[in-house]
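The values are calculated or read from the model by the stated rules, or taken from the named source; none is laboratory data. What you see is a predicted model, and the numbers here were worked out from it, not measured in a lab. A quick note on method: Cβ atoms are made from the backbone with ideal geometry, for glycine too, and the neighbour counts reach across all protein chains shown. Side chains included, ligands, DNA and RNA excluded: accessible areas come from the protein's heavy atoms. Shrake-Rupley method; radii C 1.70, N 1.55, O 1.52, S 1.80 Å.
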Amino acid sequence: MRPVATNGRPPEMPSGFELVTLDEIDSTNEEARRRAQAGADDGLLIWARSQNLGRGRRGRRWVSPPGNLYSSLLLRPDCSAGEAATLSYVAALAVADTAAMLLPSGADIRCKWPNDVLVAGQKVAGILLESHGGGDGGLDWLIIGVGINVAHYPDVARLSATSLADKGATATVDQVLQVYAAAIARWLAVWRAERFAPVRAAWLERAHGLGEAIRVRLAERTFDGIFEGLDDDGALILAQPTGARRRVTAGEVFDPASPS
Ligand code: BTN
């Protein structure tokens, strides 16, 4: 790990970010949503030491004891809801860069579609985007919720999970937050200047399973095929055995060889 000094001081924030630190909250995404509705500005970053109602994707619970990172960044991007959805890739790259900075060199850090980050094939972080439309196809606010397993990971049989500590990092949660905030500020600047194209290219360089057989589970159906890439709008491109290409905008990806 390269040193990250916080020396007991609050983590330093990039310009344009305002940090709110909480000991415990229901969910940092929920707190960010409450503050967004009360008029909070772009750049508000909610950080809680623990959550008692942390939420994951697809209505799952995100178990949130002290020791891991729980953060939600409020953004008010001036774009359509569809374009803003590509910010999940910005968040994944920021988390991947954070892991790369804090783990021993050579760690195998990958982004898994739609928005997980893996170390050596095991999930180390999850990302939950929530947004509210402005009524004209635009966006009122968007929240990027990020949970990074710093000290602990859930021991759930169906999940292959890990933590930064388990993979050799010695950083504290404060240090992880500081590194993550700087990384997402960098990727947001790229996205604001050039939109999705460079983000897409960087994400594909880190993609888990690119060019390999995958199974995509949608709400009621599954599809097998080769993970061929990402479309210009962030949809996953699946090359099916028939030769047809399917664009997938929501779903879960599995290795077809493993029981799921
Ligand atoms: C997933 O299911 O993989 C996404 C998990 C997202 C968890 C984070 S923790 C901080 C923020 N607050 C929440 O309640 N959820 C997100």
In region 73-86, is there at least one residue being within 11 Å of the ligand (Cβ to nearest atom) and open to solvent by less than 10 Å² (accessible area, probe 1.4 Å)?
yes
Please find, within region 156-173, the residue that is modelled with the lowest pLDDT out of those that are over 19 Å from residue 110 (Cα atoms) and within 16 Å of the ligand (Cβ to nearest atom).
158
So, restricting to strands (runs of 3 or more DSSP E) that lie completely within region 139-254, which ones have at least 2 residues that are under 30 Å from residue 44 (Cβ atoms)?
139-148
Do you know which residues across region 139-148 are within 14 Å of the ligand (Cβ to nearest atom) and in contact with a helix residue (DSSP H, G or I) (Cβ under 8 Å, 6 or more places away or on another chain)?
142, 143, 144, 145, 146, 148
Filter pass, residue 179 being at pLDDT 95 or above, more than 16 Å from the ligand (Cβ to nearest atom), open to solvent by 10 Å² or more (accessible area, probe 1.4 Å) and not aromatic (Phe, Trp, Tyr)
yes
If a residue has to be assigned to a loop (DSSP other than H, G, I, E, B) and within 13 Å of the ligand (Cβ to nearest atom) to count, how many in region 102-138 make the cut?
3
Quick check on this structure: which one of 225, 251, 211 is farther than 19 Å from residue 93 by Cβ, touching a residue at least 60 places away in the same chain (Cβ under 8 Å) and out of contact with any helix residue (DSSP H, G or I) (no Cβ under 6 Å at 6 or more places or on another chain)?
251
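Let's see how each residue does on (1) open to solvent by 40 Å² or more (accessible area, probe 1.4 Å); (2) modelled with pLDDT under 95; (3) within 7 Å of the ligand (Cβ to nearest atom):
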residue: 35; (1), (2), (3): yes, no, no
residue: 45; (1), (2), (3): no, no, no
residue: 49; (1), (2), (3): yes, no, no
residue: 54; (1), (2), (3): no, no, yes
residue: 66; (1), (2), (3): yes, no, no
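Let's see how each residue does on (1) small (Gly, Ala, Ser); (2) at pLDDT 95 or above:
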{"residue": "72", "(1), (2)": "yes, yes"}
{"residue": "84", "(1), (2)": "yes, no"}
{"residue": "102", "(1), (2)": "no, yes"}
{"residue": "117", "(1), (2)": "no, yes"}
{"residue": "127", "(1), (2)": "no, yes"}
Hey, any hits in region 93-101 for a residue that's hydrophobic (A, V, I, L, M, F, W, C), assigned to a helix (DSSP H, G or I), free of Cβ contacts under 8 Å to residues at least 40 places away in the same chain and surrounded by fewer than 21 Cβ atoms within 10 Å (Cβ to Cβ)?
yes
Take the conditions within 16 Å of the ligand (Cβ to nearest atom), more than 29 Å from residue 202 (Cβ to Cβ) and touching a Phe, Trp or Tyr at 6+ places or on another chain (Cβ under 9 Å) and apply them to residue 25. Does it pass?
yes
